[in-house]
Amino acid sequence: MFQKILIANRGEIAVRIIRACREMGILSVAVYSEADREALHTQLADEAVCIGKASVSDSYLNMERILSAAIATKSQAIHPGFGFLSENEHFADMCEKCGITFIGPSGDMIGKMGNKSQARVTMMDAGVPVVPGTREPVYDAEQGLEIAEKTGFPVMIKASSGGGGKGMRAASDREEFVNAFHLAQQESVNGFGDNTMYIEKYMEDPRHIEIQILADKYGTVLWLGERDCSIQRRHQKLLEESPGTAIDQELRERMGETAVLAARAVGYENAGTVEFLLDKDKNFYFMEMNTRIQVEHPVTEMVTGVDLVKEQIRIAAGEKLKLRQEDIMLRGHAIECRINAENPEKNFMPCPGTVKDLHFPGGNGVRIESALYNGYTIPSFYDSMVAKVIVHGEDREDAIRKMRSALGEVVVDGITTNLDFQYDILNHPAFLSGKVNTGFIQEYFEKINQE
């Protein structure tokens, strides 16, 4: 087992990983930008190293500085968390060349699944159902338009290296397509340095269902149930739950087995998530694979009792999975609400600032993931998510009541958050009935703000 791990991330996920290391008897090293000098993860880690200015390109995306910090602190492994360098194949390869274990899949595996158009082809060849669309990458609007007309409008234009909703645009006809393509491609170039695009048939209001997997170095691949991530705005998830309300045991097993098939197709190792779109007729299609831990991983941990971060570390250290598929059982229901420093009434404008008073709830089945503390000034340079509230109940109704109670206790004075917006979601009739899809926020946004 490792003696020391460097966490190449910040915020709540860095805190989460540091705590897992502490429980495993592993020393932790935090890296931080100048803007994060007073951040919680720098205070909790055993060591902390400044790696640059506030800009992510000078700090959390600077591979050389992060690797230099790892070498200087004699760290044996690097955990990338999510975002930043977590799905960067070149960083994983650089870690290997430096003799440092990257806690995640290899660079080759990340490359196979991180490039979305290449992943589509890999899944097609493996017999995994994919959304109808292109097989080969697309580089210009004219070529894309020909494919879109053959596929049939409406279509989705997506960046091959995309993620988090960036580099995605819908087009309902020829007139919309060219402009949408250029916008999506420019986003991809700016965000990922890649102009490679692909085209998919637009699926109207599907559910977004993802399957959590764990795979060790010895051929064992497990699936750990599903998460319904349909409550999202502009492809950014807001609320996640497990199990999904539209999933019965027969469908769950088929999706789980398909996720395992997808993982085996690339010889996958470590934690990962296979994401599917589920239509109204219960047909599901591969969308992408996230080769890292997910923001919403706690809901899976709550219903399975499996600590995914610790399993990531054990797998990277070369240990065999002690779990077997028959050990994985979903118990009760879990919900996660993302708390963001943003103003829903002003088009979700980010609202960084100083936390003047803070209170988080507790109690049986309530879990908080956050890097906030009283007096902490939230930087304006990074993602607006400042906390996650996760609850576990006997069933969905119990979990919803528990989440309402938990959110009602949260106090984050000094900044504007989306707390009220999350509370409105939890009270909306469509959510309560479980009849939600990826168009939920768009369809009910005005109603939610009037209620």
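Given labels modelled 7 Å from the Cα in the Cβ direction, how far is it in nm from F445 to R264? Label at F445, label at R264, 4.3 nm between them. The label point for D395 and the one for N374, both projected 7 Å from the Cα toward the Cβ, are 4.1 nm apart. Working from label points 7 Å from Cα in the Cα-to-Cβ sense, the M63 to E96 distance is 1.2 nm. Neighbours of I415 by Cβ distance under 10 Å: Lys/Arg scored +1, Asp/Glu scored -1, total -1. Given R0 = 41 Å, the distance between the Cβ atoms of D108 and D357 translates into a calculated FRET efficiency of 0.25. Hydrodynamic radius of the range 4-103 by the Kirkwood approach over all distinct alpha-carbon pairs: 12.9 Å. Residue separation of S172 and C50 scaled by 0.36 nm, minus their Cα-Cα distance, works out to 39.2 nm of gained length. Applying a threshold of 32 Å to the alpha-carbon distances of K280/K402; K116/K388; K4/K402 flags K4/K402 as lying beyond it.
Note on K346/K201: beta-carbon distance plugged into 1/(1 + (r/R0)^6) with R0 of 35 Å gives a FRET efficiency of 0.55.
Centre-to-centre, using Cα atoms only, the range 54-132 and the range 297-348 are separated by 20 Å. Can you give the charge dipole size of the range 132-201 about its Cα centre, rounded to the nearest 20 debye, using +1 on the beta carbon of Lys and Arg and -1 on the beta carbon of Asp and Glu? Computed charge dipole of the range 132-201: roughly 260 debye.
Semi-axes of the equivalent ellipsoid of the chain are 30, 27, 24 Å, computed as sqrt(5λ) over the eigenvalues of the C-alpha gyration tensor in descending order. Which of rounded, prolate, oblate describes the range 293-451, given a ≥ b ≥ c as roots of the alpha-carbon gyration tensor eigenvalues and a/c under 1.5 marking rounded, otherwise prolate only if a/b is larger than b/c? Cα axes put the range 293-451 in the oblate bin. What's the FRET efficiency of A430 with L251 using the Cβ-Cβ distance as r and R₀ = 22 Å, to the nearest 0.05? Rounded to the nearest 0.05, the efficiency is 0.55. In terms of its C-alpha gyration tensor, the range 202-327 comes out prolate, because a/c is 1.5 or above and the ratio a/b outweighs b/c. Annotation: the antiparallel percentage among DSSP beta bridges lying fully within the chain is about 80. Here the chain is assigned +1 on the Cβ of each Lys and Arg and -1 on the Cβ of each Asp and Glu. Its dipole about the Cα centre then comes out at about 860 debye. Note on the range 130-273: Lys pairs 8 or more places apart or on different chains, Cα atoms under 22 Å apart, count 8. Between the range 221-264 and the range 373-451, the C-alpha centres lie 21 angstrom from each other.
Comparing the range 132-201 with the 2.2 N^0.38 Å rule of thumb, its C-alpha radius of gyration ratio is 0.95 (two decimals).
The amide H of K53, built 1.01 Å from its N in the peptide plane, has E34 as neighbours under 5 Å, considering only residues 5 or more places off or on other chains. Contact order, relative form, for the chain: 14 percent (alpha carbon pairs under 8 Å, 6 or more residues apart, mean separation divided by residue count). Which is farthest toward the positive dipole end of the range 35-189 among I51, I78, M124, measuring Cα position about the Cα centre, with Cβ charges +1 (Lys, Arg) and -1 (Asp, Glu)? Of the listed residues, the answer is I78. List the GluC sites (Glu not before Pro) within the range 1-79 that fall in a DSSP loop (any state other than H, G, I, E or B) and whose Cβ has at most 15 other Cβ atoms within 10 Å. For GluC sites (Glu not before Pro) across the range 1-79 that sit outside H, G, I, E and B with at most 15 neighbouring Cβ atoms in 10 Å, the list reads E38.
Within the same chain, aspartates and glutamates fewer than 8 places from K435 are excluded, and of the rest, those with a Cα less than 12 Å from its Cα are D205, D228.
Since every read-out is calculated from the coordinates, none of them should be taken as a lab result. Values in this document were obtained by computation on a predicted structure and should not be read as measured data. As a convention, Cβ positions derive from the backbone with ideal geometry for all residues, glycine included, and neighbour counts pool all protein chains shown.
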